[in-house]
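Following: one structure in structure tokens, then a few remarks.
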Amino acid sequence: MSVPHTCLVVEDSPMMRQLLVLALSRVKNLRVTEADDGVDGLRKLAGGKFDIIITDINMPIMDGLKLVKRVRGDPTHKDVPIIIITTEGSNEDRQRALQLGANAYITKPIQAPQVIAKVKELLKIEAPSG
Amino acid sequence: MTEKKGRGPRRSDRPAANVAADLKQKRDAFLHTFFRRGAELTDELVHENKRLRDEIAVLEEENAALKTQLASDRAIRDLLEKIEGLEREKSRLLSTVHEHEEITNRFTNRFAEIEQELESFANLYVASFQLHMSLRARAVARNVKELLVQLIGARSLAIYFLDEQEKRLVPITSEGVDLAILPVVKLHDSATSDPVGAILERTVLTGIAHVTEGEITSRPAACVPLQLEDRVVGAIVVYSLLEQKRRFVTVDRELFKLLGAHLGATLVAAHLWTTGDGRLPTPDALRAMCA
């Protein structure tokens, strides 16, 4: 059994967290940790090693973009892939997130296969053929 | 019998030496002629032999060429047979490949269908879970609005509830649009000029949901009746969708069905729970009601 991948989901909506955790449960060998907002996310990040981060933008206390900036500025986690999942669908928002260092930008409502595919791509997990 | 006359002297008349010389001369002449003819014949035979040899050589060459051609024809025929065999094999393999492609396509399509079904189930499970997670009206309203925004992609929406006494629909909560500006919609008001109000009224009176097919270009995008038992007690109105969401998909319609069937009861239950200060009914009271 290979070493499991670890994923941090930062999302203030319990419903979206539940939906994401449900979707990510279909990725083999992936352990998911949940965080309520950016600050909680940074706390969880400091206490463990994560291979990928999925974060919302609009959150109380610390939003997703600030979280991206903080993660990219942290030498320990600066290379961790980050996926933004948000209701903000404009190109400006997308560009801003990508400029800050996000690796992917997915708009809500999410489609589970799209999220799964992006996570596998960034974690370099081989997708099933066909 | 007559004697021949005038032919010169008879043999017996000439001297023997002359006769011998004459005979010798004749013999020599004969021999000369004989050998000359023999030589000529020999020459002819040699020529004929040479001609025949040449002809044989030509014929042998032709024969060799024909043999080669025949061998070549055989090789070609063998190759043609081999090609035919290979063509048959190719056709069989292509047919097998097509069959396998069809099977693969069927599996791929089925896989996509199952993916879609899984997504639908996941969304419905989460929606149902969140909808019934709380009996506080505010939490119920918040969860429903979040469901509509996050799962369906609604930008602006409202929930209307029926005022039975006044026969009107009153907005009770909204998202993306100010509740204060939302109109109260009177039922059986055929004079209404507001198209959204008209659709809302029709939805509640008929109990049939209005969910836009294809690209959404007009408001409201959807209007879903809230069922409670056999009555319609209100409606969800989705005015517009997020920029990136252009049309409803199958799972959205399933979510609308779920919300339409559950939200009315959840809101009424939340109201009863709140007005009852969260007191549990007694088992006796419940048993009496269940009997």
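The values are calculated or read from the model by the stated rules, or taken from the named source; none is laboratory data. For clarity, every value in this text was computed on a predicted model and none was experimentally measured. Please note: Cβ atoms are built from the backbone with ideal geometry, for glycine as well, and neighbour counts cover all protein chains shown. Accessible surface areas use protein heavy atoms only, side chains included; no ligands, DNA or RNA. Shrake-Rupley method; radii C 1.70, N 1.55, O 1.52, S 1.80 Å.
When only alpha carbons of the stretch B:37-130 are considered, Rg and Dmax amount to 39.2, 134 Å.
Applied to the stretch B:213-218, the Karplus parametrisation 6.51 cos²θ - 1.76 cosθ + 1.60 on θ = phi - 60° returns per-residue 3J(HN,Hα) values of 8, x, 5, 8, 10, 10 Hz, with x for Gly and Pro. Placing R0 at 56 angstrom, the Cβ-Cβ distance between B:ARG287 and B:VAL170 gives a FRET efficiency of 0.95 after rounding to 0.05.
Need the full-extension length gain, B:HIS32 to B:ASP277, defined as separation in residues times 0.36 nm minus the C-alpha distance. One decimal, nm. Let's see the in-between values first.
Values: separation 245, 0.36 × 245 = 88.20 nm, distance 16.28 nm.
Length gained between B:HIS32 and B:ASP277: 71.9 nm.
Post the alpha-carbon centroid distance, the stretch A:27-79 to the stretch A:100-114, in whole angstrom. Each part reduced to its Cα centre gives a spacing of 15 Å.
Accessible-area loss of 30 Å² or more (1.4 Å probe, protein heavy atoms, chain alone versus all protein chains) is found in the stretch B:232-248 for B:LEU242, B:GLU243, B:GLN244.
Here the accessible area is traced with a 1.4 Å probe on the protein chains. For the protein assembly as shown, carbon and sulfur cover 55 percent of it. Of all beta bridges that DSSP places with both ends in the protein assembly as shown, some 60 percent have antiparallel geometry.
With the other protein chains left in place, how much accessible area per residue, in square angstrom, belongs to the stretch B:37-130 at a 1.4 angstrom probe?
On the way: 7890 Å² over 94 residues.
I get 84 Å² per residue for this part.
Rounded, prolate or oblate: which one fits the stretch B:132-278, using the alpha carbon gyration tensor with axes a ≥ b ≥ c (rounded when a/c is under 1.5, else prolate when a/b beats b/c, else oblate)? Judged from the Cα gyration tensor, the stretch B:132-278 comes out oblate (a/c at least 1.5, b/c at or above a/b).
Over 24 Å between C-alpha atoms is what I'm after, so list which of A:LYS49/B:LYS145; A:LYS28/A:LYS49; A:LYS124/B:LYS245; A:LYS78/A:LYS118; A:LYS49/A:LYS108; A:LYS44/A:LYS118 land there. Present the calculation step by step, with values, prior to reporting the outcome.
Values: A:LYS49/B:LYS145 35 Å; A:LYS28/A:LYS49 18 Å; A:LYS124/B:LYS245 29 Å; A:LYS78/A:LYS118 19 Å; A:LYS49/A:LYS108 27 Å; A:LYS44/A:LYS118 22 Å.
Pairs exceeding the cut-off: A:LYS49/B:LYS145; A:LYS124/B:LYS245; A:LYS49/A:LYS108.
Nearest 0.05, what FRET efficiency do A:LYS66 and B:THR217 give at R0 = 45 Å with Cβ-Cβ as r?
Values: r = 37 Å, r/R0 = 0.83.
Using R0 = 45 Å, I get an efficiency of 0.75.
In the stretch A:73-117, burial by the other protein chains removes 40 Å² or more of 1.4 Å probe accessible surface, compared with the chain on its own, from A:THR87, A:LYS108, A:PRO109. Roughly speaking, what is the stretch gain from B:GLU61 to B:VAL19, that is 0.36 nm per residue apart minus the C-alpha to C-alpha distance, in nm to one decimal? That pair, B:GLU61 and B:VAL19, stretches by 9.0 nm at full extension.
Projected onto their three principal axes, the Cα atoms of chain B cover extents of 188, 49, 40 Å, largest first.
Taking a point 7 Å out from the Cα of A:ILE125 in the direction of its Cβ, the residues of the stretch A:3-35 whose backbone N falls within less than 14 Å of it are A:3-9, A:20-33.
Burial here means at least 50 square angstrom less accessible surface with every protein chain in place than with the chain by itself, probed at 1.4 Å; in the stretch A:12-43 the buried residues are A:MET15, A:GLN18, A:LEU19, A:LEU22, A:ARG26. Relative to the longest principal axis of the Cα atoms of chain B, the long axis of helix B:137-146 lies at roughly 20 degrees. Projecting the Cα positions of A:VAL32, A:ILE61, A:PHE50 onto the charge dipole of the stretch A:27-79 (unit charges on Cβ atoms of Lys, Arg, Asp and Glu, taken about the Cα centre) puts A:PHE50 furthest along the positive direction. Taking the charge dipole of the protein assembly as shown about its Cα centre, with +1 at Lys and Arg Cβ atoms and -1 at Asp and Glu Cβ atoms, the residue from B:VAL233, A:PRO109, B:VAL184 reaching farthest to the positive side is A:PRO109. Taking amide hydrogens as placed 1.01 Å from N in the peptide plane, the amide H of B:LEU228 sits under 5 Å from those of B:VAL233, each at least 5 positions away in sequence or on another chain. Between B:ALA222, B:ALA269, B:ALA65, the GNM of chain B built on Cα springs shorter than 10 angstrom shows B:ALA65 fluctuating the most. Need one word for the protein assembly as shown: rounded, prolate or oblate. Basis is the Cα gyration tensor (sqrt eigenvalues a ≥ b ≥ c); a/c below 1.5 gives rounded, then a/b vs b/c decides. Here the protein assembly as shown falls in the prolate category. Dipole magnitude for the protein assembly as shown: computed about the Cα centre from +1 point charges on Lys and Arg Cβ and -1 point charges on Asp and Glu Cβ, it is near 2200 debye.
If R0 is taken as 25 Å, the Cβ-Cβ distance between A:ILE106 and A:ASP74 corresponds to a FRET efficiency of 0.60.
Once B and A are treated as a pair rather than alone, how much accessible area drops out, both sides summed, in Å² to 100, probe 1.4 Å?
Numbers: alone 21250 and 7290 Å², together 26790 Å².
For B against A, buried area totals roughly 1700 Å².
Using C-alpha pairs under 8 Å with a sequence gap of at least 6, the mean separation divided by the residue count of the stretch B:159-286 gives a relative contact order of 19 percent. Taking a ≥ b ≥ c as the square roots of the eigenvalues of the Cα gyration tensor of chain A, is the shape rounded (a/c under 1.5), prolate (a/b larger than b/c) or oblate? Here chain A falls in the rounded category. Residues of the stretch B:111-144 falling in the label zone of B:ALA261, defined by backbone nitrogen less than 20 Å from a point 7 Å along Cα to beta-carbon, are B:116-134, B:144. Computed from backbone phi with θ = phi - 60° and the Karplus coefficients 6.51, -1.76 and 1.60, the 3J(HN,Hα) list for the stretch B:61-75 is 4, 4, 4, 4, 5, 5, 4, 4, 4, 4, 4, 4, 4, 4, 4 Hz; x is used for glycine and proline. Evaluated with a Cβ-only charge set (Lys, Arg +1; Asp, Glu -1), the stretch A:5-123 carries a dipole of roughly 400 debye about its Cα centre, given to the nearest 20.
Measuring between their Cα centroids, the stretch B:133-198 and the stretch B:15-54 lie 143 Å from each other. For the stretch B:216-291, the orientation-averaged shadow of the C-alpha convex hull comes to 7.4 nm² (one quarter of the hull surface). A Gaussian network model of chain A, with springs between Cα atoms under 10 Å, assigns the largest mean-square fluctuation among A:GLU88, A:GLU34, A:GLU11 to A:GLU88.
Determine the dipole magnitude for chain B: charges of +1 sit on the beta-carbon of Lys and Arg, -1 on that of Asp and Glu, nothing else is charged, the reference point is the Cα centre, and the result goes in debye to the nearest 20. Please list the in-between numbers first.
Values: 41 positive and 44 negative charges, 450 e Å.
Once rounded to the nearest 20, the dipole reads 2160 debye.
Heavy atoms of the protein chains alone define the surface here; on that basis chain A has 49 Å² accessible area per residue at 1.4 Å probe size.
Averaged over the residues of peptide B:112-124, the number of Cβ atoms from other protein chains lying within 10 Å of each residue's Cβ is 3.
Suppose the chain between B:VAL177 and B:ARG74 were pulled fully straight at 0.36 nm per residue; how much longer would it get relative to their current alpha carbon spacing? Mind dumping the intermediate values first?
Values: separation 103, 0.36 × 103 = 37.08 nm, distance 8.86 nm.
Full extension of this stretch gives 28.2 nm more.
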